[in-house]
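The values are calculated or read from the model by the stated rules, or taken from the named source; none is laboratory data. On a predicted model such as this, the values are computed, not experimentally measured, just so you know. Glycine gets a Cβ as well: all are built from the backbone with ideal geometry, and neighbour counts include every protein chain shown.
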Amino acid sequence: MQRNGQALLDAAAEVFARSGVGAPVREVAAAAGVGVATLYRHFPTRSDLVVAVYRHQIDGLAASGPALLASEPTPFTAVLRWVHEFVDFLGTKHGLARVWDGDAAGFTALHTLFVDRLVPVLADLLAAARGSGDVVAEVTPYQLLRAVGDLVAFAPGDPDHDARRMVTLLVTGLRQEQPLIRPA
């Protein structure tokens with residue numbers, strides 16, 4: 001039973017990345033190698049499946065931060081790799097708001113989970129990169145997550161927008177002091 005649940009979460013994440021969270025559940029079941037009835041036994045509603053995938057991916061991102069700090073050659077490389085994983089995570093979320101239409105409390109709870117779990121991970125990564133002198137720009141982890149999210153949000157359907165490249169430019173900009181720009 002546990003194996004099927006894990007297979008469904010992994011398959012759903014892939015299907016959602018490719019087809020959006022509105023993809024047919026039979027597509028998810030087929031990708032997991034199980035029947036639709038098995039999917040519904042584990043996740044009685046589409047929103048149950050979406051929430052489970054979202055939580056599973058958040059857990060993976062949260063665990064990834066310390067692992068990258070331990071395995072990458074520099075803390076800055078760990079930051080950049082983690083932010084790219086975050087970009088991939090965001091890529092599976094297109095259409096998420098439609099699933100939560102009419103359930104503002106459910107959507108808010110997921111956003112709170114996201115912030116509570118991922119901001120501290122990025123804070124630790126940035127602290128290590130600042131400690132090594134690789135990051136000098138002043139930015140909070142939440143500000144960086146928001147900026148990355150904004151860059152990714154405009155990516156679908158625009159072949160001239162390379163979100164990963166724009167995010168890389170944003171993150172490498174953290175290696176420099178930022179000029180003070182005063183309003184005119």
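Details
- Meeting the requirement of 3 or more residues that are modelled with pLDDT of 90 or more and aliphatic (A, V, I, L, M), the helices (runs of 4 or more DSSP H) wholly within the stretch 1-111 are 2-19, 25-32, 36-42, 46-71, 75-91.
- So L8, is it crowded, with 18+ Cβ neighbours inside 10 Å, touching a residue at least 40 places away in the same chain (Cβ under 8 Å) and not basic (K, R): yes
- For the stretch 132-184, filtered to residues that are outside any helix (DSSP H, G or I) and among the aliphatic types (A, V, I, L, M), the residue that is surrounded by the most Cβ atoms within 10 Å (Cβ to Cβ) is V135.
- Residues in the stretch 11-35 that are of a type in the set (A, V, I, L, M, F, W, C) and closer than 19 Å to V87 by Cα: 7 in all.
For (1) closer than 17 Å to E85 by Cα; (2) in the same structural domain as Y54 (by TED's automatic domain parsing); (3) at pLDDT below 85; (4) of a type in the set (S, T, N, Q), each residue gets a yes or a no:
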{"residue": "L113", "(1), (2), (3), (4)": "no, yes, no, no"}
{"residue": "L151", "(1), (2), (3), (4)": "yes, yes, no, no"}
{"residue": "F154", "(1), (2), (3), (4)": "no, yes, yes, no"}
{"residue": "D160", "(1), (2), (3), (4)": "no, yes, yes, no"}
{"residue": "R182", "(1), (2), (3), (4)": "no, no, yes, no"}
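- Positions within the stretch 52-75 being in contact with a Ser or Thr (Cβ under 9 Å, 6 or more places away or on another chain) and surrounded by 17 or more Cβ atoms within 10 Å (Cβ to Cβ), in sequence order: V53, Y54, Q57, L68, P75
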